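Beneath this line is the structure, given in structure tokens, with notes to follow.
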Amino acid sequence: MQEQYANQFPLQGAEGAHIVILTGAGISAESGLKTFRDSDGLWEGYNVEDVATPEAWFINPGLVKDFYNQRRKAVLEAEPNAAHYALTKLEQKYKVTIITQNIDDLHERAGSTNVVHLHGIITRSQSSKRPSLTYPINGWELKMGEKCKLGSQLRPHVVWFGEAVPMIETAVDICKNADILILIGSSLAVYPASGLINYVPNDAPKYIIDPKIPPVSGVSHLIKIEEKATIGVPMLVAGLMNS
Ligand code: APR
């Protein structure tokens with residue numbers, strides 16, 4: 001742990017403590033996957049309304065399908081980075097739960113065993129009729145005409161703007177039981193994920209790793225690590241493993 005951070009806040013890492021890790025697009029940026037709101041982010045090139053809403057799927061399903069096929073292709077070509085791998089080490093000493101907003105599977109491919117996907121996962125499809133009906137996708141392409149067992153067109157298993165977030169209550173309960181929170185690479189611009197930090201107990205240390213720390217207010221015991229994920233995460237993990 002670099003002195004500048006260690007001095008700001010003492011590490012607290014009793015064996016078996018519950019570490020909750022909240023991740024956003026920033027953790028996968030150095031794996032080559034674009035974030036959403038950085039200057040070259042995905043929402044610079046696309047309108048959210050055109051590709052990531054139920055209305056878009058209704059009006060132009062082909063465009064939406066193609067957008068997510070491209071995302072899936074990029075995810076399948078990407079590899080986990082040093083930040084994803086570092087987080088897996090924490091499982092040797094702590095109870096670890098990762099809550100990710102990401103639709104990639106890089107945490108799982110790195111070896112993390114307890115990952116909650118708040119916004120779905122790109123490697124699966126879901127029924128247009130019953131969201132809980134999901135299937136694995138073979139390869140990168142989801143095609144029109146591929147149907148669920150109820151006969152409706154399969155769509156990407158992704159939570160779109162304007163849709164409910166089925167895993168949010170699970171995530172809230174996990175956060176309420178956190179001893180330590182680590183937030184990595186999220187602008188905290190999207191509700192309800194942005195509110196999860198407020199459910200973490202007041203006295204729990206809360207680390208934020210991001211080269212551009214997002215605004216967080218009313219949260220105590222905050223330590224800001226203003227670094228890219230591949231630098232900040234291995235550094236914090238090393239500190240927590242040795243504390
Ligand atoms: N390491 C760590 N953080 C990084 C890095 C990096 N190398 N590069 C960028 N970041 C940070 C940015 O500074 C920013 O704070 O990652 C964050 C990315 O923010 P967003 O693009 O808004 O991504 P995210 O917060 O995950 O978006 C939330 O929005 O459109 C939706 O559903 C989508 O799940 C997504 C949600």
Exercise for the section: Please work out if Gly162 is within 13 Å of the ligand (Cβ to nearest atom) and more than 17 Å from the chain's Cα centre (by Cα). Expected result: yes
Exercise for the section: Being over 24 Å from Pro166 (Cβ atoms) and touching a residue at least 60 places away in the same chain (Cβ under 8 Å) is the filter here, so list the residues in the stretch 57-83 that pass it. Expected result: Gly62, Lys73, Leu76, Asn81, Ala82, Ala83
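Identify, please: which residue in the stretch 76-90 is part of a helix (DSSP H, G or I) and open to solvent by 10 Å² or more (accessible area, probe 1.4 Å) and is, among those, nearest to the ligand (Cβ to nearest atom)?
Among residues in the stretch 76-90 that are part of a helix (DSSP H, G or I) and open to solvent by 10 Å² or more (accessible area, probe 1.4 Å), the one nearest to the ligand (Cβ to nearest atom) is Ala82.
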Problem - Residue identified as touching a residue at least 60 places away in the same chain (Cβ under 8 Å), within 11 Å of the ligand (Cβ to nearest atom) and in contact with a strand residue (DSSP E or B) (Cβ under 8 Å, 6 or more places away or on another chain) among Ile225, Ile197 - result: Ile225
Handout entry: the stretch 153-165 residues that are open to solvent by 60 Å² or more (accessible area, probe 1.4 Å), paired with ones that are in a loop (DSSP other than H, G, I, E, B) (beta carbon under 8 Å, 6 or more apart)
Key = Phe161/Ala52; Phe161/Thr53; Gly162/Thr53
Fill in the blank from the handout: Checked Val172, Val216 against criteria (of a type in the set (Val, Ile, Thr) and assigned to a loop (DSSP other than H, G, I, E, B)); the one match is Val216
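The values are calculated or read from the model by the stated rules, or taken from the named source; none is laboratory data. What you are looking at is a predicted structure, and each value in this text was computed from that prediction instead of being measured. Positions of Cβ are generated from backbone atoms using ideal geometry, with glycine treated the same way; all protein chains shown enter the neighbour counts. We work out accessible area using only protein heavy atoms, side chains counted, and drop any ligands, DNA or RNA first. Shrake-Rupley method; radii C 1.70, N 1.55, O 1.52, S 1.80 Å.
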